[in-house]
Amino acid sequence: MTAHISIATTNNITTKPFLKWAGGKYRLASVIRAALPQGSRLIEPFVGSGAVFLNMDYPSYVLADSNHHLIDLFQLLKSEGGGFIDFCQSFFDKEANSESVFYQRRDLFNATNDIKLRSALFVYLNRHCFNGLCRYNAKGFFNVPFGRYKSPLFPRQEMLAFHRKSQYACFNVSDFSHTMKMAQKGDIIYCDPPYVPLSATASFTSYTQGGFGLEEQNRLAAMALELSLKGIPVIISNHHTPFTLNAYKDAKIEFFDVQRFISSKAESRGKVSELLAIFS
Ligand SMILES: C[S@@+](CC[C@H](N)C(=O)[O-])C[C@H]1O[C@@H](n2cnc3c(N)ncnc32)[C@H](O)[C@@H]1O
């Protein structure tokens, strides 16, 4: 079933994620919030920056992502709070915003096995690298270049808000299919996979090594249908394309236009059409 047109590009919800994240849903949180049914637990298999989690009111949350650097950081922030936030802030020092320091710290991030140091450097890199992107080379090394910002801000208040809300969340590094298999009756699942490319060349799917292809998109849609038939609602965000219309043909669809802010290509910063597929 395909219907229901609603248009929204901004919202008035104030809880911002502390990380910049490609495909982040901060500006769409109110639209997503309106589409999600009540439940006892929200499961997000593709949590990214946590923009949706931060703006919802469920009693508890399961938040997962395949990026283990991201989940390590969230777990530390949840358990250590203020002390860890101070440690992260220590990397936003006078020397922080220079190209040579950036590349030294990027090398350190790629070399260290110290999870606390690596997590603090992840926050530093996120605010100082080009467009706040998170990309890795074939060897799994973070390889985004220096961002040349005037004065990157340390997101202290946003980290504190995340710390407080994360007390109701449990974090896992896992593939989406594993996360979805743990759902039980009463759970609501919100999926925000890497976008299906708008065109063959507009591929924006390399958030982690390995990417996320059309086969995974179809597998996700099939799992969503299967879970909804068992009484567990699944809502999926994606671009509005012929491919997604077909993949989500068994769902109710809501369409809206979105202003793009994070993109390495200026020409793809315009409006794009997105959808929410509601399997329930
Ligand atoms: C569009 S982003 C999610 C953005 C998030 N909703 C937000 O507002 O910040 C997609 C996320 O999926 C994760 N991801 C990619 N492949 C995955 C997989 N196979 N299983 C789980 N997570 C995956 C990426 O690391 C990325 O964080």
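What follows is calculated from the coordinates using simple rules that are stated; it is not laboratory data. Just so it is clear, the structure is predicted and the values come from calculations on it, not from any experiment. Here the Cβ is made from the backbone with ideal geometry for all residues, glycine too, and neighbour counts use every protein chain on show.
Across all directions of projection, what mean area in square nanometres is found for the Cα convex hull of the chain? Mind dumping the intermediate values first?
Numbers: hull surface 56.2 nm².
For the chain, the mean projected area of the Cα convex hull comes to 14.0 nm².
Considering only Cα atoms, the convex hull volume of region 81-158 works out to 92 Å³ per residue.
Between Glu99 and Ser30, what FRET efficiency comes out of the Förster formula 1/(1 + (r/R0)^6) with R0 = 41 Å and r the beta carbon distance, rounded to 0.05?
That pair, Ser30 with Glu99, gives E of 0.60.
As a length-normalised measure over Cα pairs under 8 Å and 6 or more apart, the relative contact order of the chain settles at 25 percent.
Rounded to the nearest 0.05, the FRET efficiency derived from the C-beta distance between Asp114 and Ser60 at R0 = 30 Å is 0.50. Among Lys116, Lys25, sorting on how many other beta-carbon atoms sit within 10 Å of each Cβ, with the fewest leading, yields Lys116, Lys25.
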